[in-house]
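Chemist: Take this structure, written in structure tokens, and hold onto it; I'll ask about it next.
The values are calculated or read from the model by the stated rules, or taken from the named source; none is laboratory data. What you see is a predicted model, and the numbers here were worked out from it, not measured in a lab. Cβ placement follows ideal geometry from the backbone for every residue including glycine, while neighbour counts extend to all protein chains displayed. These area figures cover heavy atoms from the full protein model, side chains too; ligands, DNA and RNA do not enter into them. Shrake-Rupley method; radii C 1.70, N 1.55, O 1.52, S 1.80 Å.
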Amino acid sequence: MDYELLRNIIIFSMALEIVLLIIIGYMQVKIFKYRRKVYFIRRDRERCNEILYASKDGVFSFVYPDQKIKDPQKEIIEKCSRRLAVMLGLKNGTASSFNEVCEMFTKEDAHILRKYADMLRQEGKNFEDLLHLKAKDCYVVVCGNRINGNDNNLYCDVIWFRDVSRQTAEINRVKQEQEQVKAESVTLENLVDGLDEPVWIRNENLELLAINKKYAEYAGAAKSDILSRNIELGGNKNEGVFKKLALTAQKTQKIQKKNLNIVHSGKLHNFIAFEKPYFVGDTLDKIGTIGYLKDNTELEKAKRGFAINQNNHLEILGVLGTAFAIFDSKMKLYFYNNSFKMLWNLENEFLDSAPTYLQFLETVREQKMLPPVPDFKNYRDEEISIFNGLIDTQEDLLHLPDGRTVRRLRTPHPNGVIFAFEDVSDRLATTRRLNELTAVQQNILDNLTDAVIIFGANQRLKFYNRSYLKLWGLNIEKMQDEPKIDELISYQKLFFSDIDDWDTFKATMIANIMGNRKFTIVRDDNTEIMVSPQTFYDGSIMVTYSKK
């Protein structure tokens, strides 16, 4: 009995050990699986945290206690990410509070951030805004959102911070450039609209890209309609002319122009149309054109008027006795009159062949009519230089081998240089004879004992002798400017200091002289002088001073 009981006890003990071993093994397996699960959960959490911390966005979260279980966490936990601590330069790093985060923003934006956070935590409202840090030109985009579990359990409220200072600065820079470009565009538009002539620009397809206000005025339509319908200037008469001109400019890559008559404001105007090629963008295979009109009406009128006046002047020159010739800018004979032909003894055949000025010089030289010069090549070069630098009229005398003296005038002309030749041989001979006669007269006067002066009809001194200078103590310098009778009598005042009223005395002397009346004057040195005036047929007056 005892044996049987003992055996049963042993069997029960062994069975119990086996059961315990099985339970222990099962529990160890369960514990291993749990530990493994906890490991992977921790690993995944650490990975998620590291991924979160590695983000370029900073994070601040408000972690709430679990609502589904009896969570030992009783209060809301504030967590600051490493990235946020670095971004804002927080002194306490990841241990910084939300209040410390807010203090990094400007006063106004800190108030806004707190208000956003209150709305998120109390009402679960998401937000996003751009806030300004205290640091200059530092901007941060903040956005908040609530995170719930699948079971609608409230996990946390998260506020994301992204530093957009560089992007904001770039945006501001682009905005400034945009405003500057816009202002420049408006300035250029005003500038182009202020032009008095139509201006336009075409793309590579030669379609109108832009026009100015004057173009719209000439086309008689609004800018938008002109650009949308590609309306060209010129009306039906000149239809297609501008497009063809632009096409030629595009193909040749050279500026093109054409004279056109266009009716504007009821009046016919003459214009010069221009189409100038330009490269579209940075490529060289796309070429557009820039066009504009230049009003040529007044210039054409002036040209016609100038041509008429010029022809009239040439007709007048043709009949004058003075020899005239015009050589153009290429030194070819452009015009001559009969007097020019006769002066230089030239043939019609030679003159009508439009010879150059060099050929003219060679011809008159062969006829021995050119003034003799030691170096003809140097003389010829000097003569040619007149076509390059003549600004004002130049005058000289040509002493011809046949004894004649020719006065030559050279003056600028729109077509070249005008040459005028006048035979002054007789005039010079007359002048020489007159000078000789004057010299004889002066010699006679200088040999007279009495002092003599002669005034012209204009009452200016013409002649005087040495006796007059000696009598009144005058020098030649005072006589050079041909003084009037009033001034010359004034020089005598030094010899009449006893006269109380000089002006009356002088006026009496002048009146007697002009009245051709003799009178006597007595100077301070008691010299008594007889003054004898005599008027000639030409109105001149001779006054003789004779000592008594």
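Chemist: ³J(HN,Hα) across region 219-229 via Karplus (A = 6.51, B = -1.76, C = 1.60, θ = phi - 60°), whole Hz, x for Gly/Pro?
Modeler: 7, x, 8, 6, 4, 4, 5, 4, 6, 6, 9
Chemist: If we count every other residue with Cβ under 15 angstrom of residue 129's Cβ, Lys/Arg +1 and Asp/Glu -1, where does the sum land?
Modeler: Cβ neighbours under 15 Å give a net charge of -2.
Chemist: In nm, what is the difference between 0.36 nm times the number of residues separating residue 155 and residue 36 and their Cα-Cα distance?
Modeler: Roughly 40.4 nm would be gained on extension.
Chemist: Also, I was wondering about something else. Sequence gap at least 6, Cα distance under 8 Å: using those rules, report the relative contact order of region 443-527 to the nearest whole percent.
Modeler: Contact order relative to length: 20 percent.
Chemist: Using 7 Å Cα-to-Cβ label points, what is the residue 182/residue 141 separation (nm, one decimal)?
Modeler: The two pseudo-label positions are separated by 2.3 nm.
Chemist: Roll a 1.4 Å probe over the protein chains and send me the accessible area per residue for region 126-209 in Å².
Modeler: Per residue, region 126-209 has an accessible area of 65 Å².
Chemist: For every other residue with a beta carbon closer than 14 angstrom to the beta carbon of residue 93, add +1 if it is Lys or Arg and -1 if Asp or Glu, then tell me the sum.
Modeler: Once all neighbours under 14 Å are counted, the net charge is +2.
Chemist: If you don't mind, there's one more thing I want to ask. Just tell me which lysines come within less than 26 Å, Cα to Cα, of residue 332; anything on the same chain fewer than 8 places away is out.
Modeler: 303, 341, 368, 377
Chemist: In whole Å, what is the distance between the alpha-carbon centres of region 458-536 and region 1-30?
Modeler: Taking the Cα centre of each part, region 458-536 and region 1-30 sit 177 Å apart.
Chemist: What is the distance, in nm, between label points placed 7 Å from the Cα along the Cα-to-Cβ direction at residue 345 and at residue 523?
Modeler: 6.3
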